[in-house]
Amino acid sequence: MSKLSLSAQVKQACLSKHFRLAVAESLTAGHLQALITSVPGASGYFEGGITAYNLEQKVCFLKVDEDRAREVNCVSQDIAVQMAERVLHLFNATVAIATTGYAEPDPSRDIPTPYAYVAVSNGIWYAWKRITPPFGMKRLQVQRFVAEEALKLFLKETDALRFSGLCAV
């Protein structure tokens with residue numbers, strides 16, 4: 001028997017736990033939503049998502065704290081958590097995933113390597129993780145890698161008792 005893909009595992013987790021999933025993406029630019037919907041029947045648990053790629057859109061649609069977002073150029077653990085919590089309510093979901101980060105080095109901001117923050121929330125509980133892709137990945141590879149890591153965090157943190165209403169760090 002072959003191992004289920006990450007997308008199929010997310011489907012199985014959502015359907016078995018009656019989760020309605022929403023997504024807020026920045027750095028992954030739609031890759032996360034593409035992975036989630038790559039399996040048949042995604043409409044049975046996936047409410048939708050938003051790609052808010054710049055500060056103005058994150059503030060307008062996801063209502064992230066503008067001052068804090070400016071301080072960190074929209075890339076931090078708390079911005080990822082805010083994005084997850086806001087998209088949860090925007091789509092009336094029961095659980096949400098958010099991604100934000102840098103898909104490539106940015107010398108103008110003193111960012112030598114790509115990295116991202118991923119958050120999962122149900123509105124009272126959240127988990128987050130900082131992700132550093134392997135050295136040498138190109139932009140699209142980084143986006144795909146972070147999207148896959150986001151699904152892995154979702155699966156890990158929503159498993160059994162971990163999704164209990166407690167804040168996990």
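The values are calculated or read from the model by the stated rules, or taken from the named source; none is laboratory data. Since we're looking at a predicted model, the values are computed, not measured. Positions of Cβ are backbone-derived with ideal geometry, glycine not excepted, and every protein chain shown enters the neighbour counts. The accessibility values were calculated without ligands, DNA or RNA, using every heavy atom of the protein model including side chains. Shrake-Rupley method; radii C 1.70, N 1.55, O 1.52, S 1.80 Å.
List of remarks:
- Sorting 60, 14 on solvent-accessible area from highest to lowest, probe radius 1.4 Å, gives 60, 14.
- Selection among 121, 105, 8 by position relative to the dipole of the chain gives 8 as farthest towards the positive end (Cβ unit charges, Cα centre).
- Measuring nothing but protein heavy atoms, the accessible surface of the range 63-108 at 1.4 Å probe radius is 44 percent carbon and sulfur.
- Close amide H partners of residue 24, meaning residues 5 or more places away or on another chain with modelled amide H under 5 Å apart, are 50, 97, 98, 99.
- Lysine pairs with alpha-carbon atoms under 20 Å apart, the range 14-169, spacing 8 or more or separate chains: 5
- Whole-number percent relative contact order across the chain, with pairs defined as alpha carbons under 8 Å at least 6 apart: 23 percent
- Taken per residue, the accessible surface of the chain reaches 50 Å², heavy atoms only and a 1.4 Å probe.
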